[in-house]
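Have a look at the structure below before the remarks.
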Amino acid sequence: MAVDFSNTLIVAISATALFDLSESENYLLKLLQQRPTEAIKEFRDYMAERENDPLSIGAGYPLIKALLNLNKQNNQSTALDPNIETPLVEVVIVSKSSPDTGIQVLNAIREHKLNISRSAFISGSSVAPYIDDFNIDLFLTTNRDDAHQVADANICACAILDATPVNTYKLDTEQLRIAFDGDAVLFDDSGELLYKQKGLRAFHEREAQMRDMPIKKGPYAELLIKLSNLQARLPAGLHHCPIKIALVTARNAPADLRAIKTLREWGVNVDMAFF
């Protein structure tokens, strides 16, 4: 069966964000410090002995679980050809491990029954080129350097996850909830620059004058639009929606009207807005 990803939200996540790999990472660092010439071979042996050991979930696991659950809630076929599958969400694993040392991660994906079929094990190479090749919309990682490389190359939206999160087992995975910041995130940075250069009064005066003129798109605008389109394809009731999207911004009155009208111009309806 062919898979059509043209209308699919494609999310990449590092293996260290999906599962807790701190033990093996710390062991590798120790080997590199103590026996650098033998470290790689010893680490491969170490991982081979533990490849069937279960892994605890990582900081990004609840979000990935919630995203994949959207595919289960989509009961409407969007493909004209029954032989073409069009998932709402596709998740790709990106790991700096080698394929051989990544078996534990692949086993954990199966153990947790995550519907993830595509992965990249790149043996320490730079992440950015591979993120670009997979046509990713959102990259989730615990590594700041990797996130900065992807963001600086303007490849896709990025989110840096805390490697030591709250108790992820208690987080809801039945509803996806995402909040976006406004200026320099959803919107371009012109408003923020004006505020920094001329102050709040000048910013408010300009926004009041331009309240009917859409703000230019910022770096995460396309991600919001794709999420909104995905939301529209899902069945939603009065008391439960599979996706909740929020705008949380420092824009208060009178700059709030322009933000709402901009989203309307983009064809986006957010569920909540906090000005």
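Scanning segment 187-203 for residues that are modelled with pLDDT under 95 and buried (at least 17 other Cβ atoms within 10 Å of the Cβ) returns GLY191, GLU192, LEU194, TYR195, PHE203.
In segment 101-139, of all residues being of a type in the set (Asp, Glu) and more than 25 Å from ALA66 (Cβ to Cβ), the one that is surrounded by the most Cβ atoms within 10 Å (Cβ to Cβ) corresponds to ASP132. The set of residues in segment 231-275 that are touching a Leu at 6+ places or on another chain (Cβ under 8 Å), outside any loop (DSSP other than H, G, I, E, B) and surrounded by fewer than 21 Cβ atoms within 10 Å (Cβ to Cβ) comprises LYS244, MET272, ALA273, PHE274. Of everything in segment 1-52 that's aliphatic (A, V, I, L, M) and in a loop (DSSP other than H, G, I, E, B), which residue is nearest to CYS158 (Cα to Cα)? Going through the qualifying residues, I end up with LEU21. Within segment 140-178, the set of residues being at pLDDT 90 or above, surrounded by 14 or more Cβ atoms within 10 Å (Cβ to Cβ) and among the aliphatic types (A, V, I, L, M) comprises LEU140, ALA147, VAL150, ALA151, ILE155, ALA157, ALA159, ILE160, LEU161, ILE178. Applying the criterion of at least 2 residues that are over 30 Å from ALA236 (Cβ atoms) and among the small types (Gly, Ala, Ser) to the helices (runs of 4 or more DSSP H) found wholly in segment 127-210 leaves 144-152, 190-198, 200-209.
On the stretch given as segment 99-153, residues that are more than 26 Å from LYS226 (Cβ to Cβ) and small (Gly, Ala, Ser) total 5.
The values are calculated or read from the model by the stated rules, or taken from the named source; none is laboratory data. None of these values were measured; they are calculated from a predicted model. No Cβ is skipped: glycine too gets one built from the backbone with ideal geometry, and neighbour counts run over all protein chains shown.
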